[in-house]
Amino acid sequence: MIDFSEAREWMVVWQIAARGICDSNVLSAMRHVPREEFVAEHLRESAYDDSPLPIASHQTISQPSIVAQMIEAAELGPRDRVLDIGTGSGYAAAIAAAIVAHVDSVERDPVLASTARKTLARLGISNVTVHLGDGTVGLGAYAPYDAIIAGAGGPRIPRAWRLQLSVGGRIVMPVGREPYHQRLIKLVRYSEHDYHERSLGEVSFVPLVGEDGWPDH
Ligand code: SAH
């Protein structure tokens, strides 16, 4: 039987901090959220390997070091409101929620949305709302957001996300011309019409499927 808290601490030291993640909010969130609760029973002993793991509907829970890199790049603070696209297991939303005031998380797959809601409730995480729908159109009713993070890669940053970002807000999203191969892009909104964008390196996420993403085949 694995001691999960020991495995989690090992992950934070050797897979997260060792890769240069130094935001203390991110490190403490990774120490706090039990990743083993977000995967199927038979995968629990692999929960602290630094790799994506399969969840339902042919999707994956992202690799912990990439989640940490994305959340650090999003520069989250305690008063922030965050939009998380692609709830999947709910793990990235839970990490963000350990730092910020509230997370709206959008998932297009009803089975994943429902499982994630149950997992978050079981863990007593009450500042995440899981919405069922196409996240490429954002969530206009609750905008603006201080940060928008995406656990799925699209061909471009959806137009709605730029508009739903507060001035000073950050988008961190995988963008690429191929559905499974992207560059992690960080976009900052400096003013009403002034956005700045840069690449944080190559990544491989599942496709963002929707109106302003990849088509659903
Ligand atoms: N951050 C998640 C990663 C899940 S994988 C985690 O920690 O587990 C990406 C998820 O994005 C999948 O569940 C997929 O169904 C979802 N997805 C893809 N396109 C989407 C869209 N347009 N809107 C909402 N969710 C989407």
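The values are calculated or read from the model by the stated rules, or taken from the named source; none is laboratory data. If you're wondering where the values come from, they're calculated on a predicted model, not measured in any experiment. Don't worry about glycine lacking a Cβ; one is built from the backbone with ideal geometry, like all the others, and counts go over all protein chains shown. These area figures cover heavy atoms from the full protein model, side chains too; ligands, DNA and RNA do not enter into them. Shrake-Rupley method; radii C 1.70, N 1.55, O 1.52, S 1.80 Å.
Taking the solvent-accessible surface of protein heavy atoms with a 1.4 Å probe, what is the per residue accessible area of the chain in Å²?
Computed with neighbouring chains in place, this is 47 Å² per residue.
Couplings for the stretch 121-134, taken from phi via the Karplus curve 6.51 cos²θ - 1.76 cosθ + 1.60 with θ = phi - 60°, read 5, 4, 8, x, 8, 9, 9, 10, 10, 9, 10, 8, x, 8 Hz in order; Gly and Pro are left as x. Would you mind checking the tilt of helix 64-73 against the longest principal axis of the Cα atoms of the chain, expressed as 0 to 90 degrees and rounded to 10? Once rounded, the angle reads 40 degrees. For the stretch 59-217, with all protein chains present and a 1.4 Å probe, just round the carbon and sulfur fraction of the accessible area to a whole percent. The computed percentage sits at 51.
Here the dipole of the stretch 89-217 is about 260 debye; that uses its Cα centre as origin and unit charges on the Cβ of Lys and Arg (positive) and Asp and Glu (negative).
Amide H contacts for T87 (H built 1.01 Å from N in the peptide plane; partners 5 or more residues away or on another chain; cut-off under 5 Å): V106, E107, R108. Along the axis of the charge dipole computed for the stretch 112-217 (Cβ charges of +1 for Lys and Arg, -1 for Asp and Glu, origin at the Cα centre), the listed residues S126, L165, G154 are led at the positive end by S126.
Taking amide H atoms as placed 1.01 Å from N in the peptide plane, the amide H of A147 lies under 5 Å from those of R81, L83, R170, each 5 or more residues away in sequence or on another chain. At the residue level, L163 shows approximately 100 square angstrom of accessible surface with a 1.4 angstrom probe and all protein chains present. Taking amide hydrogens as placed 1.01 Å from N in the peptide plane, the amide H of V206 sits under 5 Å from those of G153, each at least 5 positions away in sequence or on another chain. Across the stretch 206-213, coupling constants 3J(HN,Hα) worked out from phi with the 6.51/-1.76/1.60 Karplus curve, θ = phi - 60°, read 5, x, 8, 10, x, 3, 10, x Hz, and Gly and Pro carry x. The dipole here belongs to the chain: it is taken about the Cα centre, uses +1 on the Cβ of Lys and Arg and -1 on the Cβ of Asp and Glu, and is about 340 debye. How would you classify the stretch 55-166 from its alpha-carbon gyration tensor, with a ≥ b ≥ c the square roots of the eigenvalues: rounded for a/c under 1.5, else prolate if a/b is greater than b/c, otherwise oblate? Cα axes put the stretch 55-166 in the rounded bin. Ratio of Rg to Rh for the chain: 0.93 [Cα atoms; Kirkwood radius as inverse mean 1/r over pairs].
For the chain, relative contact order (Cα pairs under 8 Å, six or more residues apart, normalised by length) works out to 15 percent. When the Cα positions of Y91, S51, V103 are compared along the charge dipole of the stretch 44-109, V103 comes out farthest toward the positive end, with charges on each C-beta of Lys, Arg, Asp and Glu. Annotation for the stretch 76-103 versus the stretch 2-54: alpha-carbon center distance of 17 Å. Specify the residue with the greatest mean-square fluctuation among H32, H131, H102, computed from a Gaussian network of the chain linking alpha-carbon atoms under 10 Å apart. Highest fluctuation among the options: H32.
For the stretch 110-203, the set of trypsin sites (Lys or Arg not before Pro) satisfying both a DSSP loop assignment and a count of at most 16 other C-beta atoms within 10 Å is given as R156.
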